[in-house]
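For reference, the structure discussed in these notes is given below.
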Amino acid sequence: MAPVPAVIVTHNGPVTAQQRMWITMSAAPPGTVLGGLSAAESDGLTGFDPEGIWLVIPGSSYTPQGNLRRLPNDWNVHVRWSRVLGRADVNVNPAPPKTRRARSVVDAASERISERRARVLVLAAVQQRFTRPADLWDALSRRGRCRNRRIIVESILDATGGIESLPELEFEAIRLRLRLPRPTRQQVLRRTDGRYFLDNDWPQFGVRVEIHGIPHLEVQNWDSDLLRQNDLSIQGGGLLVFSSYAVRHVQDRVEAQLLRMFATRGYRP
């Protein structure tokens with residue numbers, strides 16, 4: 001590879017991931033910080049592979065036609081520009097400097113990734129106590145328009161576990177669309193841990209539906225696990241549990257399971 005100015009590797013073995021990061025930072029314009037999943041991983045977020053090196057460059061910097069382009073393609077260096085790199089978003093104390101935890105998560109969730117992965121990133125960051133919902137709101141407020149903003153907002157709401165995270169109107173629209181009877185109880189209940197869930201009860205059919213805002217276990221496959229669990233419950237117990245994400249974004253599965261549950265109990269719309 002072509003040499004990068006001011007960088008000398010004093011061994012002839014493979015360049016380590018840490019050395020790649022430092023070489024990349026040395027090749028970047030002044031004011032560049034480690035960002036996205038690279039910054040998050042270095043701060044302790046687990047379960048997500050950055051798959052490269054993520055940099056945030058000041059918006060006033062030149063387009064890096066030189067040094068960064070001399071780096072090997074398989075290093076997967078990802079460059080993003082930002083005009084918002086003040087102390088509220090950047091921690092200048094560590095070496096190298098990097099975006100703060102909440103900003104790193106928001107930036108990573110704003111990349112060209114699926115809505116599901118963006119949601120998992122936000123929920124996992126809160127679940128691992130990597131950052132707090134309030135800090136995510138603060139970072140997002142300075143981010144401006146960004147990709148996946150709607151799902152990031154929903155996920156922060158879900159992470160709070162509050163009433164506002166429960167999609168009551170969406171579930172009621174599903175119920176009306178399927179011509180299911182009105183539940184005798186449709187109210188938000190509070191668990192002993194302080195989190196909320198929406199409870200819908202049809203005692204005449206032995207059916208109960210709960211909608212949860214955030215998981216208490218591993219979030220990576222939470223939505224899919226709940227839907228698979230419901231498939232088993234349809235034949236046995238009368239409880240269906242949906243995530244708020246499923247009610248909003250996987251309504252075809254939610255509708256199919258509701259119809260099957262009521263059909264097994266003799267209800268015909």
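Every read-out reported here was derived from the displayed coordinates using simple, explicitly stated rules and does not represent laboratory data. All values derive from a computational prediction rather than experimental measurement. No Cβ is skipped: glycine too gets one built from the backbone with ideal geometry, and neighbour counts run over all protein chains shown.
Some notes on this structure:
- Cα radius of gyration and Dmax for the stretch 17-160 (Å): 14.5, 45
- Overall form of the stretch 124-181 per C-alpha gyration tensor (a/c, 1.5; a/b vs b/c): prolate
- Relative exposure of Leu189, Leu121, Leu140, judged by other C-beta atoms within 10 Å (fewest first): Leu189, Leu140, Leu121
- For the chain, the convex hull drawn through the C-alpha positions has a volume of 149 cubic angstrom per residue.
- Comparing Ala102, Ala88, Ala40 in a Gaussian network model of the chain, where Cα atoms under 10 Å apart are tied by springs, the biggest mean-square fluctuation is seen for Ala88.
- For the pair the stretch 89-155 / the stretch 173-188, the C-alpha centres are spaced 35 Å from each other.
- Counting neighbouring Cβ atoms within 10 Å and putting the fewest first, the residues Ser155, Ser141, Ser42 line up as Ser141, Ser42, Ser155.
- Anisotropy class of the stretch 157-202 from Cα gyration tensor, a/c 1.5 cut: oblate
- Principal-axis analysis of the Cα atoms of the chain puts helix 168-178 at an angle of about 50° to the longest axis.
- Helix-only mean residue ellipticity at 222 nm for the chain, each DSSP H run of n ≥ 4 adding -39500 (n - 2.57), per residue, nearest 500: -12000 deg cm²/dmol
- Ordering Tyr267, Tyr245 from the fewest to the most neighbouring beta carbons within 10 Å gives Tyr267, Tyr245.
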